[in-house]
């Protein structure tokens, strides 16, 4: 997941709304959004290379989403998979379900948002371990710091704000906002750590590239009664949609 907008207790009906894109190598295997048979409370896509996830919800009343954090050099391959932060948070089991400060050092740089019915929190391990509870409001996150004003992050936040204050329209409309691809590609195929400062100016919300691009768009909305919906739209290397899944759940 490389960009998202997150509205926490900022909508008159929806307690929580999240809209985001996962950008990844198209060759990296992944399973689509589903209820996990080996952990039925979890609804998420699954990274088949590591077994974790990038975004999901749990009918035990949890949400988690992770993004990579750039600008700290190349990822170290011997580190734990950042997807474990999401899968453990959702299942409530495993070493990283409630990570200690020492546990955060196990991972390459990351940003993590976790939420339940009462609170939402932000965690990161760069430049040092940080945890903060999120006040009601609208947040944007990509591969920089929380609310860092990257152009694409600001555009997605603005679009989410327009949806919040606009007429009563279903959350599914946010999928169309996530499809904006009017800016140039990032050039991730040849990127190096020194390229990270160029990404804010070069990256669109939706990355259309046959090698590394937007793999799926996801919207989560949970209302004040705890009734929720999660929708995932998946894409081929061409950028064309190849499937969509919608699941309902309750907190």
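What follows draws every value from the coordinates through simple rules; no lab data is involved. The structure presented is a predicted model; accordingly, all values stated were derived computationally and were not measured. All Cβ positions, even for glycine, are placed from backbone atoms using ideal geometry, and neighbour counts span all protein chains on display.
Points to keep in mind about this one:
- Estimated translational D of the range 1-90 in µm²/s (Stokes, Kirkwood radius over Cα pairs; 25 °C; 0.890 mPa s): 173 µm²/s
- Convex hull volume of the C-alpha atoms in the range 64-174, normalised per residue: 129 Å³.
- Placing dummy labels 7 Å off each Cα toward the beta-carbon, the span from residue 72 to residue 95 is 1.7 nm.
- Extended-chain gain in nm, criterion 0.36 nm per residue less alpha-carbon gap, residue 236 and residue 168: 21.3 nm
- Exposure proxy shown here: for 103, 47, the number of other Cβ atoms within 10 Å sets the order, fewest to most, as 103, 47.
- Debye equation applied to the C-alpha atoms of the chain, log10 I(q)/I(0) at 0.07, 0.08, 0.16, 0.17 Å⁻¹: -0.20, -0.27, -1.22, -1.42
- Each stretch of four or more DSSP H residues adds -39500 (n - 2.57); spread over every residue of the chain, this sum gives -3500 deg cm²/dmol at 222 nm.
- Distance between modelled label sites at residue 50 and residue 245, nm, 7 Å Cα→Cβ extension: 1.9 nm
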